[in-house]
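Down below is the structure, laid out as structure tokens.
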Amino acid sequence: MQQTFYDFSAFDLLKDKKPLLVCDRVFDSFEIEFPGEAVRFSAFTSNPIYEDVMAGVEVLRENECDFIVAVGGGSSIDTAKSIKYYSRLDLPIMAVPTTSGTGSEATHFAVIYRDGKKLSVAGDHLLPEYVILQAELLKTLPLYQKKCTMLDALCQAIESWWSKRASEESIRYSKEAIRLILGHMESYLRNEAEGNAKMLLAANFAGKAINITTTTAPHAMSYKLTSLYRLPHGHAVAICLPKVWRYMGNFDDIAHALGKRNHEEAISFFEDLLQKLEIRPPQDVNADDVEVLTDSVDPERLSNNPMQPDRETIRSLYKEILGV
Ligand SMILES: [Fe+2]
């Protein structure tokens with residue numbers, strides 16, 4: 001079971017504990033005070049790699065930490081979960097998201113990279129026991145990162161909805177996430193407290209949705225875009241989603257939740273949104289990239305997609321995504 005807090009009172013749980021604090025460099029700007037001693041681990045990048053995680057496991061073991069606190073975006077939280085996974089230790093995780101995107105605080109899996117390939121770790125014990133949703137932490141996030149994380153949440157809500165594993169409960173979470181994103185996007189992009197609070201909640205709902213269903217083709221197709229072009233996760237997923245949706249058609253119920261009459265209108269809305277937010281395909285595309293990308297797609301991931309694109313379809317989708 002997970003417990004959610006909306007302030008830092010949850011830090012009382014850290015008294016007499018020796019937490020491993022998994023955070024990025026932005027942490028210092030938050031002036032967060034821990035009640036006791038914490039062992040800091042920040043030696044990981046925005047798309048964390050296996051080697052970084054193993055270094056974190058070493059730090060955890062050497063210092064005999066008995067708690068993991070992750071403060072940051074999806075990278076920090078996924079690194080924290082992966083450290084727990086590979087340490088094989090049973091210790092609680094407290095997740096404090098500082099971006100409103102991945103919803104990683106609400107899922108039982110994590111994504112890291114090994115040799116440029118996506119590596120998933122999963123297990124019920126990876127769902128953080130404690131979550132702090134504190135919108136103040138979003139205030140220092142750069143605008144581009146805010147756009148990318150919001151788009152990740154929106155894509156997760158949509159993909160979860162059309163996933164083969166969607167349930168009544170997961171669709172309820174998707175709907176709520178979409179409602180909050182559309183209703184508070186402007187305020188959030190203006191960096192207002194209300195918009196930030198609602199977007200943090202939206203991301204959490206989208207996380208709860210994919211915790212049930214996992215993600216689908218746009219996410220599966222995004223991972224190599226991220227490692228090849230160093231695109232932030234949300235950016236990479238968002239440029240895939242409208243192309244995949246157009247190939248699949250249908251899902252007018254999702255279009256209605258987006259305030260549109262049918263999927264064509266919803267896809268146009270999504271593409272216009274990307275234009276407006278200046279989220280574009282990468283520029284530095286090589287001739288053989290389409291083949292590299294096509295080879296990268298994990299068919300396992302696609303079994304969850306409502307339609308099974310074959311290799312030729314994936315190739316042509318990548319061409320459309322990259323505009324080549
Ligand atoms: Fe995502």
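The values are calculated or read from the model by the stated rules, or taken from the named source; none is laboratory data. Since we're looking at a predicted model, the values are computed, not measured. Cβ atoms come from the backbone with ideal geometry, glycine included; neighbour counts cover every protein chain shown. Heads up: the accessible areas ignore ligands, DNA and RNA and are worked out on the full protein's heavy atoms, side chains in. Shrake-Rupley method; radii C 1.70, N 1.55, O 1.52, S 1.80 Å.
Tabulated data
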| read-out | value |
| --- | --- |
| Rounded to whole Hz, the Karplus (6.51, -1.76, 1.60) HN-Hα couplings of the stretch 65-82, x for glycine and proline | 5, 10, 7, 10, 10, 9, 10, x, x, x, 5, 5, 5, 5, 4, 4, 5, 5 |
| Order by protection proxy (mean Cβ within 10 Å, highest first), peptides 156-166, 199-209, 128-138 | 199-209, 156-166, 128-138 |
| FRET efficiency, Ala55 to Asp284 (Cβ-Cβ, R0 30 Å, nearest 0.05) | 0.50 |
| Sequence-distant residues sharing a close amide H with Val69 (under 5 Å, placed H) | Leu20, Leu21, Val22, Met94 |
| Backbone N under 16 Å from the Glu31 label point (7 Å along Cα→Cβ), restricted to the stretch 1-20 | 8 |
| Shape of the chain, Cα gyration tensor, a/c cut at 1.5 | prolate |
| Interchain or long-range residues, amide H under 5 Å from Ile49's placed H | Tyr113 |
| Alpha-carbon centroids, the stretch 1-46 and the stretch 148-200: separation in whole Å | 26 Å |
| Separation of the Lys18 and Asp295 label points, Cα + 7 Å toward Cβ, nm | 4.6 nm |
| Packing-based ranking, highest mean first, of 227-239, 33-45 given that Cβ atoms within 10 Å are counted | 227-239, 33-45 |
| Solvent exposure of the chain as accessible area per residue, Å², 1.4 Å probe | 44 Å² |
| Candidates Gly195, Gly56, Gly249, ranked by Gaussian network fluctuation over the chain, Cα under 10 Å, top entry | Gly249 |
| Global geometry of the stretch 169-262, whether rounded, prolate or oblate, following the gyration tensor of its Cα atoms and the 1.5 cut on a/c | oblate |
| Distance (nanometres) between label positions extended 7 Å along Cα→Cβ at Arg246 and Glu129 | 4.9 nm |
| C-alpha center-to-center spacing [the stretch 50-73, the stretch 240-295] in angstrom | 37 Å |
| Sequence-separation-based contact order of the chain, relative, with Cα cut under 8 Å and 6+ spacing, percent | 15 percent |
